[in-house]
Amino acid sequence: MSRNPRPHLSLLRVAACTGALALALTACGSGSGSESAKSGSGGVKVGLITKTDTNPFFVKMKEGAERSAKENGAQLLTAAGKFDGDNAGQVTAIENMVASGVKGILITPSDSKAIVPALAKARAKGVLVIALDTPTEPQSAVDALFATDNLKAGELIGEYAKAAMKGKKAKIATLDLAPGVSVGVQRHDGFLKGFGVGAKDPSVVCSQDTAGDQTKGQTAMENCLQKEPGINVVYTINEPAALGAYTALKAKGREKDVLIVSVDGGCTGTKAVKDGKIAATSQQYPLKMAAEGVKAVVSYAKDGKKASGYTDTGVTLITDKAQAGVDAKDTAYGLDNCWG
Amino acid sequence: MTATTTPYAGLTTPSTARRLLTAPTTGPLAALLIACVFFSFSTDQFLTGGNFSLIVQQVMVVGTLAIGQTLIILTAGIDLSCGAVMAFGSIMMARMAAEGSLPPLLAIGLGLLVCAGFGLLNGVLTEKIPLPPFIVTLGMLNVAFALTHIYSKEQTVTELPGPLTALGGTFPLGHTDITYGSLVTIALFLLFAYALSGTGWGRHVYALGNSVEAARLNGVRTSRLTIGVYTVAGLLYGVAALLLVSRTGVGDPQAGQTDNLDSITAVVIGGTSLFGGRGSVLGTFIGVLIVGVFRNGLQLMGVASIYQTLITGVLVILAVTVDQISRKKAR
């Protein structure tokens, strides 16, 4: 065993760390320099915390918030969980934002219940908290909610599917989000309500969770077809899940005679409606949620008045095969207003 | 064998200055200080007692996991299951106390025991079959994850009784509110720093990590020691579970999904070698602080969170590079 410590090694170590750190810091420092300078000039700080950084829905939300912040002379701080469901990451982001002196926080909670204590702490310090897209449980844990009416979004595609089936006997598969997540539950319930069947109706032959993921959506659809090959209506929580279902159906040569409906209105999804892969989708507007949220925080900073209650940011049925009695817009409109 | 086997070398005493310079924690400590200085100049809100208390509070869960992870990595093992085991422990404590109407302290005790049990099982499978720790703990990661979701029925547990969230409470120190949980974490770091550097057990852990054969020939009961290390690590995950519950105020079945890699990240940034036998828990403490300081500082500056991930990645590669270079030179 060597008993010969070598000081120059650790010097090398320190030097290496220092050098790389300096590089890393300069690199990111230059990107943010303008922002930190602005905070000195008294712009209102607004925090936006999304479920993840990567989902196009949240990317669009961030874009809306950034634009609105620029227009209103506010400074936007953003953060996100590492994965959908990362409550601890969101709690940390809330704490850091409160420490940095934000006037208000806009958040899409990853876990509607688990986030509540952390939000209560922030509100106790006078921070305006607005939930975007996903309500907290209880909803009173935030000052206000700016979101799509997910029940209505489900109802629209349910009514559409009912009309499109023209009285044919339906065998329904539902590709859901995850247990206990309000968005998923509301869309699912709304769809059944619009279709006019109860929760335990025998026409619902297969229900699987997909986490809104295309690969999982495909697996779920494959399993559902294995269970009940005669499925002819597929409700999906979002368009990635719908495209996964489409792939599974196509592999069985069933893509033409199965009706897929979905919710979201992302650009990829809307294009899939145009291409006929998805029959209809309920389009929602994340950009508007975030933009309205930033405005609400800025106005709270000005006059101390807090936004409250629920604001419906709207939902539109998009399809190129309109059915009598169901209001809808075509994909040209959908593509003009899509996100992602 | 290596230039920095500080506690294991022990026979000759290098001068204090030399020891400081050659300690594996010197590099990480320098990095931490530089980061602190940088953030102090970049944003007004960084250099306050309240903010430092906040940073420690934010790293206490991963920090406590990382103590267990350090012990295991020092024996040249690895634990991928720590976050999942913690999640199971936390959901057990929360459900038993909130819904199963067990006395809260009993629920906490059972949660600690179950986590230690997972550690014991990891250790026994690693030693007795024997299986590579990577495989054993990869399997256990899935087992614990699934059990968490089955047992919790995917429901977040709220309205927890007082004792479960007591460690999340604060006391004032000057003008700063300190969380009790932070003190628990710091105390554990000090305890294990002492255990590793000041006791026979600690010397044996380093010996085992350097060479199982050599350790055995020197009379170390390696099998028992390994199982012991995994069990102690499991118990630490139980403490982390309690800290997690106290910090968030809920039992969350989704918790801990990236904490295995986060704890390994902290260990590696803190200068502990993944090949075993070299490193320290104090280095790991610095490692978790580095991650916490960057997350907090960049957030205060208004830098998007994806850059935190970027910098953490760079730091990991850097730390391992430095470790490799120093090993080569020492040979």
Within the stretch B:142-185, track down each residue that is aliphatic (A, V, I, L, M), assigned to a helix (DSSP H, G or I) and buried (at least 20 other Cβ atoms within 10 Å of the Cβ).
B:A144, B:L164, B:L167
Single condition A:G253 does not satisfy, out of (1) assigned to a loop (DSSP other than H, G, I, E, B); (2) buried (at least 24 other Cβ atoms within 10 Å of the Cβ):
(2)
Considering the stretch A:49-90 alone, what residues qualify as being among the acidic types (D, E) and in a helix (DSSP H, G or I)?
A:E63, A:E66, A:E71
Among the residues of the stretch A:109-133, count how many are among the β-branched types (V, I, T), away from chain B (no Cβ under 14 Å) and part of a loop (DSSP other than H, G, I, E, B).
1
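Go through A:V294, A:V298, A:V326 for me and flag whichever is assigned by TED's automatic domain parsing to the domain that holds A:G73, touching a helix residue (DSSP H, G or I) at 6+ places or on another chain (Cβ under 7 Å) and farther than 28 Å from A:A211 by Cβ.
Matching residue, one of A:V294, A:V298, A:V326: A:V294.
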Please tell me if A:V233 is in contact (Cβ under 8 Å) with a residue 24 or more places away in the chain, crowded, with 24+ Cβ neighbours inside 10 Å and outside the structural domain of A:R67 (by TED's automatic domain parsing).
yes
Cβ-Cβ under 7 Å, sequence separation 6+ or interchain: first residue in the stretch A:180-200 and over 21 Å from A:K168 (Cβ atoms), partner of a type in the set (D, E). Which pairs?
A:G180/B:E154; A:S182/A:E137; A:G184/A:D176; A:H188/A:D176; A:G190/A:E155
Search result, residues across the stretch B:122-167 that are within 14 Å of chain A (Cβ to nearest Cβ) and of a type in the set (D, E)
B:E154, B:E159
Flag for A:I172 being more than 19 Å from the chain's Cα centre (by Cα), modelled with pLDDT of 95 or more and among the β-branched types (V, I, T)
yes
Which residues, taken from the stretch A:97-108, are surrounded by fewer than 22 Cβ atoms within 10 Å (Cβ to Cβ) and either of a type in the set (V, I, T) or facing another protein chain (nearest Cβ under 9 Å) (or both)?
A:V98, A:A99, A:G101
Only one of (1) under 18 Å from B:L225 (Cα atoms); (2) in contact with a strand residue (DSSP E or B) (Cβ under 7 Å, 6 or more places away or on another chain) does not apply to B:A98, and that is (1)
Looking at this structure, is A:I94 in a helix (DSSP H, G or I), in contact (Cβ under 8 Å) with a residue 12 or more places away in the chain and more than 7 Å from chain B (Cβ to nearest Cβ)?
yes
Being in contact (Cβ under 8 Å) with a residue 40 or more places away in the chain, over 23 Å from B:S152 (Cβ atoms) and of a type outside the set (S, T, N, Q) narrows it down to one of B:V267, B:V220, so name that one.
B:V267
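Test A:D133 against the criterion of being in contact (Cβ under 8 Å) with a residue 40 or more places away in the chain and of a type in the set (D, E), and give yes or no.
Details: in contact (Cβ under 8 Å) with a residue 40 or more places away in the chain: yes; of a type in the set (D, E): yes.
It is true that A:D133 is in contact (Cβ under 8 Å) with a residue 40 or more places away in the chain and of a type in the set (D, E).
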Does the stretch A:274-286 hold any residues that are surrounded by fewer than 21 Cβ atoms within 10 Å (Cβ to Cβ) and part of a helix (DSSP H, G or I), and which are they?
A:K274
I need the helices (runs of 4 or more DSSP H) fully contained in the stretch B:221-304, keeping only those with at least 1 residues that are within 11 Å of chain A (Cβ to nearest Cβ) and of a type in the set (D, E).
B:259-269
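The values are calculated or read from the model by the stated rules, or taken from the named source; none is laboratory data. Please read these numbers as outputs of a predicted model, since none were measured by experiment. Please note: Cβ atoms are built from the backbone with ideal geometry, for glycine as well, and neighbour counts cover all protein chains shown.
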